[in-house]
Amino acid sequence: MLKLSCRLEECKRAVNSQQFRRSMNSNSSSKPTQAFANSWQRPCGEYTGINIYNHRVRGKVPLVLRNPRMVTWYTCGPTVYDKTHVGHASTYVKVDIIQRILRDYFKYNLITAMNITDVDDKIITRSKEQGRNWQELARTYDAEFKENMLRLNVKPPNMRAHVSANIPVIQRFIEQLLENQQAYVAEDKSVYFDVSKCQNYGKLQNISKEERALQENEQGKRSAADFALWKAKKTKYEPSWSSKWGGEGRPGWHIECSAIAGMFFGEELDFHAGGLDLRFPHHENEEAQCCAHYKKNQWVNYWLHTGQLHLVGDQHKMSKSLGNTITVDEMLKSYTADEFRMACLLSNYNNDMPYSDQLMLTARQTLKKFTNFHADLNAYMQFQKAPKLLDRGALQSQLDHMVLEFDNSLRDDFDTSRAISVLMDQMSSISRCINHQSADAEQEPGHCLDLLLAAGNFIGSSMLNLGISSLADSSNLLSQQQQANNSAQVDVNLLVADLLAIRSQLREQAAESTNVKKLELLELSDRLRNVLQEHGINVRDHKQGSSWVYREHKTATRRV
C-alpha cells in the first residue's frame, strides 16, 4: 500500500511539475490557478505518525519524510552585529528542542545547516558608527553567538555557512533567475525579483498589495512588491563584489538563505525553521525564489516558526531596534541555561513567550521537582526510606500510560508543555507512593523496584532528550566524577560519605543527650550541612540515613 501510495503521489507531483513548467513559458496560455499554486502539497514518503501545524492550511498536517534515513533541516541564522539577546536565544533553543526530539527521541538521522549573515545594512551601519572594519565586527559577534549557544546547550548545526564566503554561490543563483526571466537588472545594476511572474507568491501568509508594497522602498523597481536580490554599491563604506551583470554590489537579505540552503540540500527541503517574524517577508521570499529557480510549486515541505519572546507588559517582540532587550549574558547571571530551556519547553515552540522573573521562577521550580523526584527515588532504591506495599498492576498501568501519553504529546506538533505535564503527573504519583503511603514491615524490600526504576529511567532519559543537562544519568555523572577524582587524587564520593557519617553520629548522640548537649550537637550537625551546601552539595535527611545531591547542574544521589 505504501509503494502504491508513493507511486500515485509521484504521478501527481510529475503533473504538478509539468504544469509549473508550462506556467513559466511566457508563450503558454496554461497557468496554474492561484489556489493550486498556493496549496500545500503532501510529500511522497513515509508517514511518521507526527502532525505539524501548517500556517497555509491553518491546521495540522501529517509529517511525511521523503527519506527517513536522511532528514534535511535549514535554520535561518543570526545577523551578527550586536550581542545575542534572549529573544534570539528562545528561537534557537526551541529549534534545538525540536531537533533533539526528532534525532534523539524519534531516532531520525537529521542533517542540519545554518547561515550566518555577516554582510548586511545593520552590520555596515554599526561598523561605521564604531569606526571598525565590518568583517572584524561581524567576526566578534559571530564568536559571541557561538559561545552563547554553547552555554545554552544548543547543539551546533552540521553545516554552517557565512554569506561573505559564499558570494559566488549566491551570484550563480541570481544568474539562473535572470535566465528564467524571474528577475531583472535595474539601471543602477541592482537586481530585483519580479513578483508578478511568481504564481505562488503569498503561500505562507495572505498578503495584500499594500503589504507587498511595504517590503522595500528602493527606486528602480518595476513594481513596489518586487524585492532586492542584489544591491548596487552606493557608498564607499559598503563591502561589495563585482558581478556579471555589471557594477559592484552585495546580496540582498532573502537571497542568501535560498542560495545557501540550495547549495546544501538542492531543490527540496524537509524542514526550514526561524522566528515567526520571518514568515513574511523573509520566508515568503525565500520560497518564491527557490520555486522559480528550481521550477517547482513547493520547495520547503515543512516550515516551522517559533513564537516571539516579549517582556511582560510589552506586546512588542524583543528587538535591538526597540531597545527592549536582555542579553544572554545578563539572563545567565540570574538563571541557568536549563531554567531558560524549561521556560521554552513550558511555552511550546510556536507560542509567544512572555518573559518575566515569574516565568523563570516557575521554570526553576519545575526543574526542582524533577531533581527532588530523582533524589527521593534514589534514596528509596537504597533503602533509606521504609519499603511500601505497592500495587504492581497499578504501577504498570501508570507506566504504560505515561509512555503512551508522552509519545502522543510529542507527535502532536511537538507539544512539550503537555509532555512535561505527563512526566510530572507520574512523578507526583510515585512520590506519593514512596513518601506517604503506609509502610508494611513484612513486605519484601524489592517489591516493584523494577517498575519504579523503569519510570525513573524513562523520565530521566526523556528530559535528556529535551536537552536538560542537569538531569544527566548517574552512570555518566559517575564517569565524569571519576575522571575528576583521578586528576585530583581525591575521591569526592568517599570524602562526602565520611563527612555525612560523622554528621550522622552527631545526630545520633544528640538524640541520646540532655537539652544543652543536644542543642550543641545539633548545631554542629547543621554547621557541617551548611559547609557542604556552600560547596555545592545539598544534604537530604531520611528516616534511615542521609543522601546528597549536587546543586543545580549535578544531581547524582549518593547513599551514606
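The values are calculated or read from the model by the stated rules, or taken from the named source; none is laboratory data. Bear in mind that the values here come from a model prediction, so they are computed numbers and not experimental data. Reconstructed Cβ throughout: ideal geometry from the backbone, glycine too, with neighbour counts over all protein chains shown. Areas reflect the complete protein model, heavy atoms only, side chains present, ligands, DNA and RNA absent. Shrake-Rupley method; radii C 1.70, N 1.55, O 1.52, S 1.80 Å.
Given the structure, is Lys94 charged (D, E, K, R) and open to solvent by less than 30 Å² (accessible area, probe 1.4 Å)? Talk me through it step by step, then tell me what you get.
Details: charged (D, E, K, R): yes; open to solvent by less than 30 Å² (accessible area, probe 1.4 Å): yes.
Judged against the criteria, Lys94 is a match.
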Segment 53-71, residues that are within 22 Å of Tyr201 (Cβ to Cβ) and part of a loop (DSSP other than H, G, I, E, B): His55, Arg56, Val57, Arg58
The conditions are (1) modelled with pLDDT of 80 or more; (2) over 33 Å from the mean Cα position of the chain (by Cα); (3) open to solvent by 60 Å² or more (accessible area, probe 1.4 Å), and Val516 fails exactly one of them. Which is it? (1)
If Ser546 satisfies all but one of (1) at pLDDT 80 or above; (2) crowded, with 18+ Cβ neighbours inside 10 Å, what's the number of the condition it fails? (1)
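Here is a yes/no grid of residues against (1) at pLDDT 95 or above; (2) within 17 Å of the chain's Cα centre (by Cα); (3) under 30 Å from Ala337 (Cα atoms); (4) open to solvent by less than 30 Å² (accessible area, probe 1.4 Å):
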{"site": "Gln34", "(1), (2), (3), (4)": "no, no, no, no"}
{"site": "Ala37", "(1), (2), (3), (4)": "no, no, no, yes"}
{"site": "Trp40", "(1), (2), (3), (4)": "no, no, no, no"}
{"site": "Arg56", "(1), (2), (3), (4)": "no, no, no, no"}
{"site": "Cys76", "(1), (2), (3), (4)": "yes, yes, yes, yes"}
{"site": "His88", "(1), (2), (3), (4)": "no, yes, yes, no"}
{"site": "Gln99", "(1), (2), (3), (4)": "yes, yes, yes, yes"}
{"site": "Asn115", "(1), (2), (3), (4)": "yes, yes, yes, yes"}
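When only residues in segment 408-420 that are in a helix (DSSP H, G or I) and within 15 Å of Ile97 (Cα to Cα) count, which is nearest to the chain's Cα centre (by Cα)? Before you say what the answer is, go through the steps one by one.
Of all residues in segment 408-420, those in a helix (DSSP H, G or I) come to 408-411, 416-420.
Next, from what is left, pick out any that are within 15 Å of Ile97 (Cα to Cα): 409-411, 416-420.
Values: Ser409: 17, Leu410: 14, Arg411: 16, Thr416: 11, Ser417: 14, Arg418: 17, Ala419: 15, Ile420: 16 Å.
The selected residue is Thr416.
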Residues of segment 362-390 classified as touching a helix residue (DSSP H, G or I) at 6+ places or on another chain (Cβ under 9 Å) and under 27 Å from Asn148 (Cα atoms), total: 8
Go through segment 273-315 and count every residue that is open to solvent by 10 Å² or more (accessible area, probe 1.4 Å) and of a type in the set (A, V, I, L, M). 4
What pairs can you find where one residue is in segment 207-234 and under 21 Å from Val119 (Cβ atoms) and open to solvent by 70 Å² or more (accessible area, probe 1.4 Å), the other is modelled with pLDDT of 90 or more and among the hydroxyl-bearing types (Ser, Thr, Tyr), and their Cβ atoms are less than 9 Å apart, with a gap of 6+ or different chains? Lys233/Ser240
Mind counting the residues in segment 236-251 that are modelled with pLDDT under 90 and open to solvent by 60 Å² or more (accessible area, probe 1.4 Å)? 2
Of the residues that make up segment 300-315, is at least one modelled with pLDDT of 95 or more, among the hydroxyl-bearing types (Ser, Thr, Tyr) and within 18 Å of the chain's Cα centre (by Cα)? yes
Could you figure out which of (1) buried (at least 19 other Cβ atoms within 10 Å of the Cβ); (2) under 13 Å from the mean Cα position of the chain (by Cα) isn't true of Pro156? (1)
Here is a list of conditions, (1) modelled with pLDDT of 95 or more; (2) open to solvent by less than 20 Å² (accessible area, probe 1.4 Å), and Leu361 meets all of them except one; can you say which number that is? (2)
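If you scan segment 320-336, which residues turn out to be farther than 22 Å from Ala143 by Cβ and surrounded by fewer than 16 Cβ atoms within 10 Å (Cβ to Cβ)?
As a first pass, look at segment 320-336 and keep what is farther than 22 Å from Ala143 by Cβ: 321-324, 334-336.
Of everything in segment 320-336, those that are farther than 22 Å from Ala143 by Cβ and surrounded by fewer than 16 Cβ atoms within 10 Å (Cβ to Cβ) turn out to be Ser321, Leu322, Gly323, Asn324, Ser334.
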Give me a count of the residues in segment 493-512 that are closer than 15 Å to Ser547 by Cβ, small (Gly, Ala, Ser) and either free of Cβ contacts under 8 Å to residues at least 60 places away in the same chain or outside any helix (DSSP H, G or I) (or both). 2
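Yes or no: Ser409 modelled with pLDDT of 95 or more and open to solvent by 40 Å² or more (accessible area, probe 1.4 Å)? Before you say what the answer is, go through the steps one by one.
Details: modelled with pLDDT of 95 or more: yes; open to solvent by 40 Å² or more (accessible area, probe 1.4 Å): no.
No.
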Somewhere in segment 371-387, is a residue in contact (Cβ under 8 Å) with a residue 12 or more places away in the chain, more than 20 Å from Asp415 (Cα to Cα) and in contact with an Asp or Glu (Cβ under 8 Å, 6 or more places away or on another chain)? yes
Suppose the filter is without any contact (Cβ under 8 Å) to a residue 60 or more places away in the chain and among the polar types (S, T, N, Q); does Asn115 pass it? no
Taking segment 513-529 and keeping only residues that are aliphatic (A, V, I, L, M) and in contact (Cβ under 8 Å) with a residue 24 or more places away in the chain, one is left with Leu528
Would segment 343-351 turn up any residue that is open to solvent by 40 Å² or more (accessible area, probe 1.4 Å), assigned to a helix (DSSP H, G or I) and under 30 Å from Ala454 (Cα atoms)? yes
